[in-house]
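Here is the structure we will look at, set down as structure tokens.
The values are calculated or read from the model by the stated rules, or taken from the named source; none is laboratory data. Note that the structure is predicted; figures quoted are calculated from it, not measured. Every residue, glycine among them, receives a Cβ derived from its backbone with ideal geometry; neighbour counts consider all protein chains shown. All accessible areas refer to the heavy atoms of the entire protein, side chains included, with ligands and DNA or RNA removed. Shrake-Rupley method; radii C 1.70, N 1.55, O 1.52, S 1.80 Å.
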Amino acid sequence: MSFNKGDIARIPVPSVFPDISFQAERCIEVSRKDWDSHEGSWSFSELHLLACNRQVFSLIEIYKIITRFWSSLVLEVMSLEESINLKFIEAYGLHDELVPNVELNDITLRVNPHYRYGGNRSEEELETLLQCDTLKELVSYAIGCMMGRYSLDKPGLVLASQGEAVRDYLAQIPVPSFAPDDNAIIPLTDQEWFPDDATNRFRDFVRTVWGEEHLQENLDFVAESLCLHAIKPKKGEAALETIRRYLSTQFFKDHLRTYKKRPIYWLFSTGKQKAFECLVYLHRYNESTLAEMRTDYVIPLTTKLASYVEKLEQDKDASTSAAEAKAIEKELSKLYKQQAELNTFDEKLRHYADQRISLDLDDGVKVNYGKFGDLLAEVKAVTGEKAQ
């Protein structure tokens, strides 16, 4: 609780201490950089995948380069820790009681799958988990670039204060290589209803970073990686549709885990049928966001759904195949439910939009998330209470 004169001097620190200071500092440096490569770190700047040599355009090759680098870091820290242990054992004469060896799963780096995932998993399973999570982090970072939270042209946070807009982004980055969304409303839909939905913008992001020539190859690698653990593979599904399925079914769940149930991208959802869902960036929300969501997406989608239903009803009437007619009928049944759900959501959205709700970020995510009733998904998980 307190120290008197001479107390520190009496601590039995051997003379070996100066010899290990460099090794300890290197371990700290590697650990800090490892943590800061994670989006949850206050000092996060950019992903390892993006920090790699930009002359390599194949994501598969980049991933191989990165994982070799990660392995070398893990082995380096292991060697340093064992060296430090040995010196202390020698200094205190503990050869008969301790060994300097360090287990691989005790190297506390996020890039070390043996520590990150633990358990009695095989090497293959550990590598699978690491690959899947690394590509999920790429998707999350891309969403951040769409929102203006991050940028390909500047490390670290760009827009991260309440009420910031595109003009604030352009003041920092006048000519962005990948422009943020105008109003930070990003649709997540199981079909391509909007050209600026998350799936299409992710494709544009990959094209911007690694070029057109390797675009399909890179999308294939992202899709294959997501299917290793995040979602189940689906036979005959194109890469972009796999990515769409991940975004519409799993991304927000992963986002909640990343931010410990205090999301920074909020998922507005019509409900169980998922007729319409979109992400809104907390820091770019303003009093007109809900009205823009309704005008730009919900009302147009209502019209698009009606047209699609009408087309399918005509196709069903013209069909000469019983199997085809049954498939169309099944799709129509789903669409009828989505139409009803979307209409109900639109009424609620209009009600809340008219209120022009403002946020106070000093109150925290939990309080602010509860201001929108059941327009948002996972309300109970975030606020601890059912939506009112």
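Worth pointing out:
- Filtering region 25-52 to residues that are of a type in the set (Val, Ile, Thr) and open to solvent by less than 40 Å² (accessible area, probe 1.4 Å) leaves only Val30.
- Any chance Ala179 is modelled with pLDDT of 95 or more and over 30 Å from Gly364 (Cβ atoms): yes
- Within the option set Gln191, Gln216, being of a type in the set (S, T, N, Q), in a loop (DSSP other than H, G, I, E, B) and surrounded by fewer than 20 Cβ atoms within 10 Å (Cβ to Cβ) holds for one residue only, Gln191.
- Scanning region 299-349 for residues that are β-branched (Val, Ile, Thr) and assigned to a helix (DSSP H, G or I) returns Ile299, Thr302, Thr303, Val309, Ile328, Thr344.
- Close contacts from region 143-154, counting a first residue that is under 19 Å from Thr199 (Cβ atoms) and a second that is open to solvent by less than 10 Å² (accessible area, probe 1.4 Å) and polar (S, T, N, Q), with Cβ to Cβ under 7 Å and a gap of 6+ residues or different chains, come to Cys145/Ser151.
- For region 149-167, filtering for residues that are more than 9 Å from Arg284 (Cβ to Cβ) and part of a helix (DSSP H, G or I) leaves 1.
- Selected residue (criterion: nearest to His229 (Cα to Cα)) from residues of region 257-269 that are open to solvent by 20 Å² or more (accessible area, probe 1.4 Å) and either assigned to a loop (DSSP other than H, G, I, E, B) or not basic (Lys, Arg) (or both): Thr258
- Scanning region 78-86 turns up at least one residue that is open to solvent by less than 50 Å² (accessible area, probe 1.4 Å) and among the polar types (S, T, N, Q).
- Residue in region 89-106 that is least open to solvent (accessible area, probe 1.4 Å), counting only those that are in contact with a helix residue (DSSP H, G or I) (Cβ under 7 Å, 6 or more places away or on another chain) and farther than 28 Å from Ile11 by Cβ: Leu104
- Remark: pairs (first residue in region 18-41, in a loop (DSSP other than H, G, I, E, B); second residue open to solvent by 40 Å² or more (accessible area, probe 1.4 Å); Cβ separation under 7 Å; 6+ apart in sequence or on different chains) = Ser37/His48; His38/Arg110; Glu39/Glu137; Glu39/Thr258; Gly40/Thr258; Ser41/Trp35.
- Top-ranked residue of region 53-70 - restricted to ones that are among the polar types (S, T, N, Q) and open to solvent by less than 40 Å² (accessible area, probe 1.4 Å), ranked as modelled with the highest pLDDT: Thr67
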